[in-house]
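Student: Got a structure for you, written out below as structure tokens; questions coming shortly.
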Amino acid sequence: MENLTDKVAVVTGGASGIGAGLAEALLDEGARVVLVDVEQSVLDETVDRLSAKGEVRGIVTDVSSFESVMACADTVFESYRTCHLLFNNAGVGGGGVAKPWNWTPNDWRWCFGVNVFGVGYCVTAFVPRMLDGGEEGWVVNTSSGDGGFQPLPDLGVYAASKAAVSTYTESLANAFVNEGTKLRAAVFYPGGNGLMETRLWNSGRNRPAELAREHPHVDEQWDYATIKEQLAAKGVQVADLVALGHSVLAALREGKFIISLEAKANGELMRQRAEKISRAELPTVSRGGVFD
Ligand SMILES: NC(=O)c1ccc[n+]([C@@H]2O[C@H](COP(=O)([O-])OP(=O)(O)OC[C@H]3O[C@@H](n4cnc5c(N)ncnc54)[C@H](O)[C@@H]3O)[C@@H](O)[C@H]2O)c1
């Protein structure tokens, strides 16, 4: 799909951060964009801000609820009769950092509800209708290097959720090809153009009360401001998220399955891991990985 003019694109988690950057890139290319998000006030602000760029609307949806996702898909197909691009990007950080044995049942329920079930529910709600339409299209699932390449010891629940996204997307991509469909799937690993100044570190703002953490963290929490300072001292700039969005669209046009500005470095990391794995050894990762 070379030309995105008038194509219909749905971006979950599109109100903020990486999703909003992606939405802006899609509008730059003439797509009609539907932002799907659970946070009504920020969704409204983002739709207002981006409407100068083209046709954009918001649909308040909780991707961890299948009913909510189905209602969203119904609205999209009633309004546009089609959907060409589905970006499953909504995600939460898991709620702080913890040793693997200190995550609580509600941490698991919330993080997997949004990051894993949310992706699966959106595929179930949108893809059969995208296939029925018989047009070319893409499903792009946002993972994380933390799940795809290097699971951080202190972010175990988030890493596990993103590993699930990566694996599921590979199944989806192969199924699209094997079944002779016109759809393609890709997995997106944000990063590689600087520090992504998003609100992921503050994901708890959207955490449902019934899934509140059962007790305060027992592990010392990371301080985002300090991490930012340390990265700035190493010369890491704040990322341009619209440019990152454009890089995703360029990679899709090139037919990439893995969308990453750091593909080479990730490949080298995986090669080192594979060597350890082939010797049945533990691939070593420090506490904070890239943040150390
Ligand atoms: N920021 C990073 O460093 C980074 C790195 C790798 C991967 N990611 C991934 O990128 C994606 C976007 O994150 P971001 O960094 O832009 O964070 P963000 O918090 O700025 O954006 C995430 C969006 O998802 C929405 N959301 C949360 N729960 C939802 C739900 N139940 N239903 C619908 N929407 C919901 C939020 O309201 C928000 O608008 C996530 O999947 C995240 O895991 C981020």
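Per-residue answers, yes or no, for (1) more than 11 Å from the ligand (Cβ to nearest atom); (2) within 14 Å of I259 (Cβ to Cβ); (3) modelled with pLDDT under 95; (4) not polar (S, T, N, Q):
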site	(1), (2), (3), (4)
V139	yes, yes, no, yes
T142	no, yes, no, no
G147	no, no, yes, yes
L152	yes, no, yes, yes
G156	yes, no, no, yes
A160	yes, no, no, yes
A164	yes, no, no, yes
E170	yes, yes, no, yes
A175	yes, no, no, yes
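Student: To continue, here is another question. Cβ contacts < 9 Å: first residue touching a residue at least 60 places away in the same chain (Cβ under 8 Å), restricted to the range 158-186; second residue surrounded by fewer than 15 Cβ atoms within 10 Å (Cβ to Cβ) and of a type in the set (S, T, Y), any location; separation 6+ or different chain. Result?
Tutor: The qualifying pairs are A185/S171.
Student: Pairs needed: first member in the range 139-150, free of Cβ contacts under 8 Å to residues at least 60 places away in the same chain and under 8 Å from S166 (Cα atoms); second member anywhere, surrounded by fewer than 24 Cβ atoms within 10 Å (Cβ to Cβ) and among the polar types (S, T, N, Q); C-beta distance under 7 Å; at least 6 residues apart or different chains.
Tutor: Partner pairs satisfying both residue conditions: S143/S166; G147/S166.
Student: Moving on. For the range 18-38, which positions are touching a residue at least 60 places away in the same chain (Cβ under 8 Å) and buried (at least 19 other Cβ atoms within 10 Å of the Cβ)?
Tutor: I18, G19, A20, G21, L22, A23, E24, A25, L26, V38
Student: Still on this structure, please answer the following. Need the failing condition index for L27 against (1) away from the ligand (no atom under 13 Å from the Cβ); (2) assigned to a helix (DSSP H, G or I); (3) within 30 Å of F112 (Cβ to Cβ); (4) of a type in the set (A, V, I, L, M), just the number.
Tutor: (3) is the only condition that L27 fails.
Student: Could you tell me whether any residue of the range 103-119 is surrounded by fewer than 17 Cβ atoms within 10 Å (Cβ to Cβ) and part of a loop (DSSP other than H, G, I, E, B)?
Tutor: no
Student: Of all residues in the range 159-175, which are more than 11 Å from the chain's Cα centre (by Cα) and either surrounded by fewer than 24 Cβ atoms within 10 Å (Cβ to Cβ) or closer than 16 Å to G191 by Cα (or both)?
Tutor: A159, A160, A163, A164, T167, Y168, E170, S171, L172, A173, N174, A175 - these are the residues of the range 159-175 that are more than 11 Å from the chain's Cα centre (by Cα) and either surrounded by fewer than 24 Cβ atoms within 10 Å (Cβ to Cβ) or closer than 16 Å to G191 by Cα (or both).
The values are calculated or read from the model by the stated rules, or taken from the named source; none is laboratory data. What you see is a predicted model, and the numbers here were worked out from it, not measured in a lab. Because the Cβ atoms are built from the backbone with ideal geometry, glycine has one as well, and the counts that use them run over all protein chains shown.
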